[in-house]
Amino acid sequence: MAVVNRIAALASEIATWRRDLHAHPELGFDVQRTAAMVAGKLHAFGCDEVVTRFGRTGVVGVIKGSKLGANRVIGLRCDMDALPIAETTGVAYASTVPGAMHACGHDGHTAMLLGAAKYLCETRNFSGTAVLIFQPAEEGGGGARLMVQEGLLDHFGVGEVYGMHNWPGLPAGHFAIRKGPLMAAADRFNITILGRGSHAAQPHLSVDTLAIGCQIHQALQMIVSRNVDPLDSAVISMTMFHAGTAHNIIPPTAILGGTVRTLKQETKATVVARMQDVVDNIGRLHDARIDLDYLHGVPCTFNHGQETDIAIAVATEIAGQAHVDTAVQPTMAGEDFALMLEARPGAMIFLGNGDSAGLHHPDYDFNDAAIPAGVSYWARLVELRLRA
Ligand SMILES: [Zn+2]
Ligand SMILES: [Zn+2]
């Protein structure tokens, strides 16, 4: 593997930072300790500018190259937040915070981008500017959205953005990427059914919200199987069904909830329209009032063509062609880096985490063996894209 020599020498120090972050997970926007550690190190490395409290608790480090040439600005983004999961790994550096853990590897992402910052501040072997973005609240908190809304990309003049996520199941240090949709648009929905309660022995006097909810559940699956092209992808998962209080009462209300995942805007539009048809028509059929509250979440993570080619070239230099999957299957998981890719061209790449437990699993741990490849990717991306 052609990792950068200086980075190989830094790998154990970076792993120490990673394990410290792992032991002290923080949730959502409440990443004060992590952000303070990041800002402290960026200052110590000699970043030209360190901006804190961007997007509430986000941190941005600016590093200017020492070479003359084009004055392009590229953004490298990582996420800092953990998950509300009780850790079961048993590792020596396990979470010291009850009910919270780094189960998505954002400890590794943060440490690797810090490692790249250290290398880039030392070497500055590029022309233009690298903007290192440490984002809070990736796990459903809207961190990327807030940073973009607060003008992150305009303020720093970022022309392109790049992201990286570790990927369990892919050998450590290997890469996987694809042009076009890589990760799904992730939306949520709530359906409230207002019917009429009755004695369970007198169902003819009721408008049975539980029976109606079951029909809605079945009808929603028909959208995926009968309205979406079988060669396209959509997921409708109903994950909540709340109704009823006693064995002998037909409940007057039921509340359902779940998530919708799609890879194309047209598919999402079809699913939303058909969901509305389902609730309207089933409501009419049974004389119930049914409200669909569709909550638009992160859009599809869409990799742009030219920037994906650049990412592939960098990954290939580091891992070798045989260890870079350039046509990986998209995943129906969502990622809020999608909002930065909506605002600027760029690419998201997966970094192999080896044979670990899956993301968001209590046994998951970021694989430190991937650090040299991940940090080298960031460093060489800057040096190649901002070549003098
Ligand atoms: Zn996650
Ligand atoms: Zn994640």
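The values are calculated or read from the model by the stated rules, or taken from the named source; none is laboratory data. None of the values given here were measured: they were computed from a predicted structure. Note that we place each Cβ from the backbone using ideal geometry, even for glycine, and neighbour counts take in every protein chain shown.
Here GLY197, GLY128, GLY159, GLY151 are screened, and the one residue that is in the same structural domain as THR89 (by TED's automatic domain parsing), free of Cβ contacts under 8 Å to residues at least 60 places away in the same chain, more than 16 Å from ligand 2 (Cβ to nearest atom) and among the small types (Gly, Ala, Ser) is GLY151. Checking the stated criteria, GLY141 turns out to be modelled with pLDDT under 95 and not aromatic (Phe, Trp, Tyr). Considering each residue of the stretch 48-65 in turn, at least one proves to be among the acidic types (Asp, Glu) and either touching a His at 6+ places or on another chain (Cβ under 6 Å) or over 30 Å from ASP363 (Cβ atoms) (or both). The set of residues from the stretch 145-164 being crowded, with 21+ Cβ neighbours inside 10 Å and either on the phi > 0 side of the Ramachandran plot or within 16 Å of ligand 1 (Cβ to nearest atom) (or both) comprises GLY163, MET164. Would you please name the residue that is nearest to GLY358 (Cα to Cα), looking only at residues in the stretch 122-144 that are within 16 Å of ligand 1 (Cβ to nearest atom) and surrounded by fewer than 23 Cβ atoms within 10 Å (Cβ to Cβ)? Taking the candidates together, the pick is GLU139. Residues that are touching a helix residue (DSSP H, G or I) at 6+ places or on another chain (Cβ under 7 Å) and polar (S, T, N, Q): does the stretch 244-264 have at least one? Yes, there is a match, as at least one residue in the stretch 244-264 is touching a helix residue (DSSP H, G or I) at 6+ places or on another chain (Cβ under 7 Å) and polar (S, T, N, Q). PRO168 falls short of the stated requirement of being touching an Asp or Glu at 6+ places or on another chain (Cβ under 7 Å) and within 16 Å of ligand 1 (Cβ to nearest atom). Of the set (1) touching an Asp or Glu at 6+ places or on another chain (Cβ under 9 Å); (2) within 16 Å of ligand 2 (Cβ to nearest atom), all apply to ILE349 but (1).
Residue count for the stretch 241-292 under the criterion of being in a strand (DSSP E or B), within 23 Å of the chain's Cα centre (by Cα) and more than 16 Å from GLN215 (Cβ to Cβ): the result is 5.
Pairing residues of the stretch 16-41 that are farther than 12 Å from ALA137 by Cα with residues that are among the basic types (Lys, Arg) and modelled with pLDDT of 95 or more, at Cβ distances under 7 Å and at least 6 apart in sequence or on separate chains, gives HIS24/ARG33. On the stretch given as the stretch 324-349, residues that are surrounded by 19 or more Cβ atoms within 10 Å (Cβ to Cβ) and either part of a helix (DSSP H, G or I) or not assigned by TED's automatic domain parsing to the domain that holds HIS174 (or both) total 4.
Counting only strands (runs of 3 or more DSSP E) that sit completely within the stretch 24-116, those holding 1 or more residues that are among the hydrophobic types (A, V, I, L, M, F, W, C) and surrounded by 22 or more Cβ atoms within 10 Å (Cβ to Cβ) correspond to 58-64, 73-79. Which ones in the stretch 190-207 are buried (at least 21 other Cβ atoms within 10 Å of the Cβ) and either farther than 30 Å from ALA269 by Cα or within 35 Å of the chain's Cα centre (by Cα) (or both)? Residues satisfying the conditions are ILE191, ILE193.
Within the stretch 296-316, the set of residues being crowded, with 19+ Cβ neighbours inside 10 Å and charged (D, E, K, R) comprises GLU307 only.
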